[in-house]
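The values are calculated or read from the model by the stated rules, or taken from the named source; none is laboratory data. These numbers come from a predicted model, not from an experiment. Here the Cβ is made from the backbone with ideal geometry for all residues, glycine too, and neighbour counts use every protein chain on show.
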Amino acid sequence: MNNRAQPRGVTRRALVGGALATAIIAGPTAARAAADRIELTGSELRLGGAPLRLLGVAVGDPLYIRRDRPASDYRVIAEVWRANTVRISLHPGHWRADRTKALRALAEDVFAARAAGLFVVIDWHVIGFPGRYMARPEPSWGLPADAYDPDLALAADFWSEMARSFGRDPGVIFELWNEPVVDPKLWVSTGEHWPLMKRTWLQLLGAIRRHSDAVVLVSGGRWAHDLKGVTRDLIEDDRVAYAWHAYPPADRGRPGRWIDSLDGIQRVRPVIVTEWGFSRSGPDYIRGTPQDFGVPFTRQALEGLNLHSTAWCWSAGAAPAMLEADWTATTEYGRFVRHYLESAKRPGLDARAPS
């Protein structure tokens, strides 16, 4: 989803190769790290042999949405909101402009989330597709014009760095591509772009696999909502799961609604809804209410299909926002998400990320 937020404002290798990496990555012995590894078994995630369900919030990026926010936010998310997972983003434009600064900011937030016992999904926050389409932020948002740059070489550089820096941490998951869009005018799930996307994802997956066997999330077209055809043409990697985004306008009025766009993928591989949400007074692409979106989506899709999820966005600025301007009081949407996290099904003991 596009960001609407008030703007955040060592070396790369030293940062993640020194004390920070020791705390995040080198703490467990090799045997413990293997035991703590998330496993994919059919449509399930498992940890230590027990079913694992990822439930949490997306917080946006450390250079823009979370500008000047304290690390203690992650304790609040874990202990007050009862999340076990956060999704942390990085914009391609920020990575291109200053990799050292971007890596430092990202590592600080990842470390804070991991210290709070949270699983972390690192998201390459691109919107578009190489050679086909690039979304451009509105100038008033304060993002660079190339914030969502879909350049493939830039993405490969980022994922190579992420795999080297965080790829041995069993609590970190990689979301390969935020919102793939080949044709911005296509608002029906057809699956027609999946073969093209699969070829592209395999290239980026190769950059990661040279350094890491981390769980990787891949998505389909139509702003990560179209997973049609994927079940019959899976990526052949037993550590790949699938990301999905859902907002009120998607499939509104269609009999199959969300089920149609998932096309059965949830029965064979894990699906993590890395963005979902609504806003009563927001722009058309997120406008909805608890009654016409929140309740049916959480009941029919998230709980009904046992999907994992991180709701967008735990912030006071990025729409739909869960927090008011003081970053403490909750919006109507925030109250809905918090209640959902309190009531969602959690298999066995409420798993916390291995540290």
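Screening the range 256-303 for residues that are more than 19 Å from the chain's Cα centre (by Cα) and of a type in the set (Ser, Thr, Tyr) and picking the one that is nearest to residue 224 (Cα to Cα) gives 279. Considering the range 327-351, and only residues there that are closer than 15 Å to residue 80 by Cβ and part of a loop (DSSP other than H, G, I, E, B), the residue that is modelled with the lowest pLDDT turns out to be 350. Summed over the range 60-92, the residues that are assigned to a helix (DSSP H, G or I), over 23 Å from residue 217 (Cα atoms) and touching a Leu at 6+ places or on another chain (Cβ under 7 Å) give a count of 0.
Could you say whether any residue in the range 206-220 is under 27 Å from residue 306 (Cα atoms), touching an Asp or Glu at 6+ places or on another chain (Cβ under 9 Å) and assigned to a helix (DSSP H, G or I)? So far as the range 206-220 goes, no, none of its residues is under 27 Å from residue 306 (Cα atoms), touching an Asp or Glu at 6+ places or on another chain (Cβ under 9 Å) and assigned to a helix (DSSP H, G or I).
Over 30 Å from residue 256 (Cβ atoms) and buried (at least 16 other Cβ atoms within 10 Å of the Cβ): does that describe residue 323? So residue 323 passes the test. Condition check for residue 139 on (1) crowded, with 17+ Cβ neighbours inside 10 Å; (2) modelled with pLDDT under 95: one failure, at (1).
This table checks each residue for (1) part of a helix (DSSP H, G or I); (2) under 21 Å from residue 343 (Cβ atoms).
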position: 274; (1), (2): no, yes
position: 298; (1), (2): yes, yes
position: 317; (1), (2): no, no
position: 321; (1), (2): no, no
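Among the residues of this structure, residue 90 counts as one that is in contact with a helix residue (DSSP H, G or I) (Cβ under 6 Å, 6 or more places away or on another chain), under 30 Å from residue 143 (Cβ atoms) and modelled with pLDDT of 95 or more.
Rundown of residues vs (1) touching a helix residue (DSSP H, G or I) at 6+ places or on another chain (Cβ under 9 Å); (2) among the acidic types (Asp, Glu); (3) at pLDDT below 95, yes/no style:
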| position | (1), (2), (3) |
| --- | --- |
| 202 | no, no, no |
| 205 | yes, no, no |
| 217 | no, no, no |
| 222 | yes, no, no |
| 232 | no, no, no |
| 263 | yes, yes, no |
| 281 | no, no, yes |
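The residues listed here are 180, 144; of these, the one that is over 19 Å from the mean Cα position of the chain (by Cα) and over 27 Å from residue 77 (Cα atoms) is 144.
The single condition from (1) at pLDDT 95 or above; (2) at positive phi; (3) surrounded by fewer than 18 Cβ atoms within 10 Å (Cβ to Cβ); (4) small (Gly, Ala, Ser) that residue 156 fails is (2).
One line per residue, one yes/no per condition, for (1) in contact with a Phe, Trp or Tyr (Cβ under 8 Å, 6 or more places away or on another chain); (2) in a loop (DSSP other than H, G, I, E, B):
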| residue | (1), (2) |
| --- | --- |
| 159 | yes, no |
| 162 | yes, no |
| 191 | no, yes |
| 203 | no, no |
| 228 | yes, yes |
| 241 | no, no |
| 245 | yes, no |
| 258 | yes, no |
| 269 | yes, yes |
